[in-house]
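Readers should treat all values here as calculations from the given coordinates under stated rules, not as data from a laboratory. Here the structure is a predicted model, which means the values were calculated and not measured. With ideal geometry, Cβ positions are generated from the backbone for all residues, glycine too; neighbour counts draw on all protein chains shown.
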Amino acid sequence: MPELPEVETTLRGLAPHLLGQRIAGVAIRHPHLRWPIPKNLHKLLGGQNIRAISRRAKYLLVDCGSGTLILHLGMSGSLRILPADTAIEKHDHFDLLLANGLLMRLRDPRRFGAVLWCEGDPAQHPLLAQLGPEPLQENFDADHLYRATRQRRAAIKLVIMDSHVVVGVGNIYANEALFRAGIRPQLAAGKLSKPRCARLVHTIRETLTEAIALGGSSLRDFVHSDGKPGYFQQHYGVYGRAGEPCHACGATIKLIRQGQRSSFYCAACQK
Ligand SMILES: [Zn+2]
């Protein structure tokens with residue numbers, strides 16, 4: 001699943017190709033994604049200029065003047081900039097056609113992605129209005145995490161993956177950030193002290209920032225890449241390492257299930 005670093009890298013890759021460009025129209029080959037692609041998108045977008053492109057959580061927001069195109073990569077989506085005559089492949093469900101002869105193509109084999117239209121302030125869109133702070137912005141800090149976890153008996157890992165608390169902390173990054181912070185994933189969130197909240201905020205930012213930096217190295221090939229989404233090859237401390245020795249202490253990495261997801265941790269390093 002594309003995680004926040006992949007979406008941020010996609011944003012940085014798309015921006016120079018989209019900003020200031022005039023939209024010629026759209027091609028909708030398969031409208032049934034997670035929600036239907038609006039039928040009248042061609043009419044809404046044709047002739048508009050792209051004024052800005054930004055990210056909120058894992059949504060990409062393309063400001064087209066008359067409204068905002070909201071894009072989500074779902075489980076398997078990817079976006080690429082390609083020449084308009086590029087052959088269409090099986091899962092290429094949507095194109096945004098630019099007047100300069102290029103297009104932005106959404107490939108989404110599992111069709112959990114989204115192409116939506118929003119008039120007015122996208123921050124007030126039902127999908128975005130209830131979201132917590134961005135993990136890399138200043139309003140996600142120790143005070144925020146401390147307040148958000150008081151009286152909560154839920155496991156800390158589930159709480160930091162809750163988009164009302166903070167957005168964009170997917171399973172890999174939750175596992176890694178908790179390992180680096182020395183916090184057990186199953187610890188009741190309400191038991192986390194203020195200094196440990198501060199430590200966890202720091203390691204969440206650190207793991208995401210490192211992944212985004214790794215993604216930056218793939219930007220060079222953005223236009224002609226093969227379009228396959230995938231995790232950046234990071235060196236993980238615990239993720240995917242069940243049964244292997246902890247890099248820090250040599251103890252065996254454990255695997256448990258929490259909220260249908262795999263949690264990996266070192267019982268010696270994480271308390
Ligand atoms: Zn260890």
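Determine the gain in length on full extension of the stretch GLN186-GLU244; use 0.36 nm per residue of separation and subtract their C-alpha separation, reporting nm with one decimal. Present the calculation step by step, with values, prior to reporting the outcome.
Numbers: separation 58, 0.36 × 58 = 20.88 nm, distance 1.99 nm.
The GLN186-GLU244 span can extend by a further 18.9 nm.
Counting only C-alpha contacts under 8 Å and six or more residues apart, can you give the relative contact order of the chain as a whole percent? Please report the intermediate quantities before stating the final value.
On the way: 547 pairs, mean separation 50.6, N = 271.
For the chain, the relative contact order is 19 percent.
Any chance you could get the radius of gyration and Dmax over the Cα atoms of the chain, in Å?
Expressed in Å, the Cα Rg and Dmax of the chain come to 20.1, 61.
Where does the chain land at 222 nm, in deg cm²/dmol rounded to the nearest 500, when only DSSP H runs of n ≥ 4 count, each adding -39500 (n - 2.57), divided by all residues?
Working: 6 runs with 67 residues, N = 271.
One gets -7500 deg cm²/dmol as the mean residue ellipticity at 222 nm.
What is the calculated FRET efficiency for SER66 to THR86, with r their C-beta to C-beta distance and R₀ = 30 Å, to the nearest 0.05? Could the numbers behind the result be given before it?
On the way: r = 27 Å, r/R0 = 0.90.
Result of the calculation: an efficiency of 0.65.
Loop only by DSSP, 10 or fewer other Cβ within 10 Å of the Cβ. Give me the GluC sites (Glu not before Pro) in region 1-104 that pass, ordered by residue number. Write out the running numbers ahead of the final one.
Details: sites: GLU3, GLU6, GLU8, GLU89; in loops: GLU3, GLU89.
Sites meeting the loop and neighbour criteria: GLU89.
Let me know the charge dipole size of the chain about its Cα centre in debye, to the nearest 20, where only the beta-carbon of Lys, Arg (+1) and Asp, Glu (-1) is charged.
Details: 35 positive and 22 negative charges, 206 e Å.
It comes to approximately 980 debye.
Stretched out fully, how many nm does the piece from LYS194 to ALA123 gain, at 0.36 nm a residue minus the Cα gap?
Values: separation 71, 0.36 × 71 = 25.56 nm, distance 2.99 nm.
Additional length available on full extension: 22.6 nm.
Quick check: net charge around ALA57, other residues with Cβ under 15 Å of its Cβ, Lys/Arg +1 and Asp/Glu -1? Walk me through the intermediate numbers first.
Details: positive: ARG34, ARG55, ARG56, LYS58; negative: GLU3, GLU6, GLU8, GLU134, ASP162.
So the environment of ALA57 carries a net charge of -1.
Counting other C-beta atoms within 10 Å, which of ARG110, ARG180, ARG261 has the fewest, and how do the rest follow? Don't jump to the answer; show the numbers that get you there.
On the way: ARG110 13, ARG180 20, ARG261 16.
Ascending Cβ contact count within 10 Å gives the list ARG110, ARG261, ARG180.
Using Cβ contacts closer than 10 Å as the measure, can you line up ILE37, ILE50 from fewest to most? List each step's numbers first, then the result.
On the way: ILE37 20, ILE50 23.
Exposure proxy ranking, most exposed first: ILE37, ILE50.
Arrange HIS72, HIS125, HIS42 by Cβ neighbour counts within 10 Å, fewest through most, would you?
Values: HIS72 22, HIS125 18, HIS42 15.
Ascending number of Cβ neighbours within 10 Å: HIS42, HIS125, HIS72.
Would you kindly state how much longer the chain becomes between ALA268 and HIS30 on full extension, computed as 0.36 nm times their sequence separation minus their alpha carbon distance, in nm to one decimal? Could you put the intermediate results ahead of the total?
Details: separation 238, 0.36 × 238 = 85.68 nm, distance 5.00 nm.
The span from ALA268 to HIS30 would gain 80.7 nm if fully extended.
Compute, for region 61-154, the length of the dipole vector about the Cα centre, with Cβ point charges of +1 (Lys, Arg) and -1 (Asp, Glu) only. Units Debye, rounded to 20. Kindly include the intermediate steps, with their values, before the conclusion.
Working: 10 positive and 12 negative charges, 123 e Å.
Charge dipole, region 61-154, about its Cα centre: 600 debye, nearest 20.
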